[in-house]
Each structure stands twice: as structure tokens, then as C-alpha cells.
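Structure first, commentary second.
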Amino acid sequence: MSVPWQPARDSRGLLLVRAKPGPVSGWVRRGLVACDVVPLGEWTALLPAERSSRARAPYDDAVTVLAGRPVPLRLRPSIGVFVIDHRAVVSLQPKGFRAGHRWLVWEPENGPLRTPGLDPARPPELVAAAHSRTSPSAVHAVLKDGSGDALRYLRRVLEVLSLPGGDLLAPSDQPRGQVVAPTAQAVARFESRMAEQAQHRAELEES
């Protein structure tokens, strides 16, 4: 399949999945975001390869769509680090049937922000998911530090968790790995489902 590659220069972020590139690439094809798939030892990194997802607004921002997409249990744990609106966002999807999506949102000078309605990503959970030997207290010290900008913060988070990929957060005009794109069928299924939900909401409002 030929992929029209457009660099996501204004976006930042990557999703680390603790699985081999083959199964991870299959998951990307069933989604909405074209990604660079980069093997990093025990992990596979996904970076948005285009500025926009393949879906229409409001699901067209590649970074936020990748950050929010549920990772299948068989591919977990996953840890994502993203820059969104000058804030750093850390996403965590641990192993475990009942383990939900967890989040940390950080702002320069203010440090971690309160996120009502979102389950927090806590240091012990991050350490466990990263298979790191770092103490939770050392991770906590990095997470609460409000100095620097979002990109530097995310690199420090990856470093303290002994995770790869910090160098991939720098902007680049070239693909970092194999570019894998969603299938047209996957995008069409999503658009159809969203249209059905919008129609259902409209019917409820009229009734």
C-alpha cells in the first residue's frame, strides 16, 4: 500500500507498546492514524506520520487520537508521552483485564494538573508498566517538577523510567521507521459508527 507521507512537524508525541512490530502494525491498520513504527528492543514506538488522522473533525488531530485510543490487552502495557497545547500528557494503559486508561497532565511552572474524570497515572503503576528498577519516589520527584517545557519534561519522564524513545520526540523531516497507514475499511467503519451515533443523538433531541 502506498502511503502519502506528510511530516507531523507541529505535533509531538509517541506511544510505546510492549509488543513486537508485527502485531502493533496490525493494530495501527485498524485505527485512524498513520504511524512510523519503530522497533526499540522490548518496545515498539508509534509516532504520528501525518499531521491529521484519516477521520473527519473532530477526530482529525493525529496526536490526540493516538493518545486516546485504547490499546488491546494483548499489546499492553503501553505508555504514551505527548505534547498537546504546550502541556505534557502521559498516558498509561497497564496490563490487566480491569486496568483502564490512566493519565498525567503537566503544565510548565504549575507541574501536574488536577484532571477530574480521568484516572491518574501514579508512580508505582508507571514503574510496573515500564518494567523499571527505578523507585516510585524517584519517579514522583520527576513528575512533580514544574521546571522546563513540556518536551524536556517528557524526556525526563522517559529517562527516569529507563524507557527508550526520548530522541524520537525531536522534530524530523524524515520517517523514523516503517510508515503504516490505516486501511480505508477501518476509517469507513469509524465514520459510519460516528454518523449513526450522531443520528441517534439528533433523534433523541427531537423526541
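With a cut-off of 15 Å between beta carbons, the residues surrounding Gly146 carry a summed charge of +1, where Lys and Arg count +1 and Asp and Glu -1.
When both the stretch 95-140 and the stretch 33-66 are represented by their alpha-carbon centers, they are found 21 Å apart.
Kirkwood Rh over alpha-carbon pairs of the chain, then Stokes-Einstein at 37 °C and 0.692 mPa s: what D in µm² s⁻¹, rounded to an integer? Before the final figure, lay out the partial values.
Details: Rh = 17.7 Å.
Answer, rounded: 186 µm²/s.
Sparsely packed loop sites in the stretch 77-113 (the trypsin sites (Lys or Arg not before Pro) outside DSSP H, G, I, E and B with at most 11 other Cβ atoms within 10 Å) comprise Arg98.
Kindly provide the helix-only [θ] at 222 nm of the chain, computed as the sum of -39,500 (n - 2.57) over DSSP H runs of four or more divided by all residues, to the nearest 500 deg cm²/dmol?
So the calculated ellipticity at 222 nm is -10000 deg cm²/dmol.
The numbers here are math on the coordinates, done by the rules we state, and not lab data. Quantities reported herein were computed from a predicted structural model and do not represent experimental measurements. Cβ atoms come from the backbone with ideal geometry, glycine included; neighbour counts cover every protein chain shown.
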